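A.B. asks: Here it is, the structure in full.
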Amino acid sequence: MIQRSLFAILVVVGGAFGGALFSVPLSSAIQKIPGVSEIPWFNTLTDRAVIINKTEQVVVEQSEAIDRARAKVVPALVAVTSLRDGVVLASGQGMTVGSDGLVLVRREWIAAGSDTISVTWNTTTADARMVKQSEKDGLVLLKVDATNLPVVSLANVEERLGSFVFLIGLRQATGGQRAPFVNAGIVKSVEGKIMTTNIGEEFQGATGAPLVSLTGEVVGIGAIDSSGHVFAVAASAIRDFLYNEQTP
């Protein structure tokens, strides 16, 4: 009986190989064959089927999360340039935090000695003025004359150790334009209001890009540490900066 069962398994597996290899429906079908439960390696086969399906499910869920996060965040990304006498001193990125033209950036993109700060969103460029800054957190709030701008949503809950996060920003592309990028990783340490990740800087200018949760909320603003990995000032520190009085 077991020999017949083995032959039947080979036939079923061979016929289904081009479809879903060792999928749950296939395992269920095999399990119904008389005597198959007596085969020692059958349970390993079914366990393998579950692992494969779970892996595929995780990949699909992560892909959907990336799409949702990108749709929420990318419209609020801006390019920031510091100039003096028309010469570019620093060029990076930031994010719109107020629909009336409030833009959050890292201080790295506000060069000392610059006489002009310009902000570009979509195809529009406008001069910006500094509203306030935080030396401690390395944050600068700018204001451009604009209304009805898309904004990011700041998370109310801090990301924990091991949380899955996305770095979503703009990279320099062909022709001087900027194109969106997404990098994924995990939070590998949390110290106060600073989170470090295992995300490496693949694109110049990742500093100032938002670190985003699976739900598309901004959990921090990114910068690069001495090892070349992304760390972020947490959303709670950003919120304190935005709503507490600090002057340039």
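A.B. asks: Just checking, which of Q172, Q177 is open to solvent by 20 Å² or more (accessible area, probe 1.4 Å), out of contact with any Ser or Thr (no Cβ under 8 Å at 6 or more places or on another chain) and without any contact (Cβ under 8 Å) to a residue 12 or more places away in the chain? Can you show your working first?
C.D. replies: On the way: Q172 fails: without any contact (Cβ under 8 Å) to a residue 12 or more places away in the chain.
After ruling out the rest, the residue left standing is Q177.
A.B. asks: Continuing with the same structure: Out of G222, G205, G228, report the one residue that is within 16 Å of A79 (Cβ to Cβ), open to solvent by less than 50 Å² (accessible area, probe 1.4 Å) and at pLDDT below 90.
C.D. replies: G205
A.B. asks: Those residues that are touching a Phe, Trp or Tyr at 6+ places or on another chain (Cβ under 7 Å) and hydroxyl-bearing (S, T, Y), I need them from the range 72-90; list them, please.
C.D. replies: Within the range 72-90, just S82 meets the criteria.
A.B. asks: Please enumerate the residues belonging to the range 108-167 that are open to solvent by less than 60 Å² (accessible area, probe 1.4 Å) and of a type in the set (D, E, K, R).
C.D. replies: Result: K132, D137, K143, E159.
A.B. asks: Run down V119, V131 and say which single residue is under 29 Å from R84 (Cα atoms) and in contact with a Pro (Cβ under 9 Å, 6 or more places away or on another chain).
C.D. replies: Unique residue meeting the criteria: V131.
A.B. asks: Still on this structure, I have one more. Just to be sure, is G138 closer than 19 Å to I199 by Cβ, in contact with a helix residue (DSSP H, G or I) (Cβ under 7 Å, 6 or more places away or on another chain) and either modelled with pLDDT of 95 or more or of a type outside the set (K, R) (or both)?
C.D. replies: yes
The values are calculated or read from the model by the stated rules, or taken from the named source; none is laboratory data. Everything numeric here is computed off the predicted structure, so don't read it as measured data. Glycine also receives a Cβ, built like all others from the backbone with ideal geometry; neighbour counts cover every protein chain displayed. Calculation scope for accessible area: heavy atoms of the full protein, side chains included, ligands and nucleic acids excluded. Shrake-Rupley method; radii C 1.70, N 1.55, O 1.52, S 1.80 Å.
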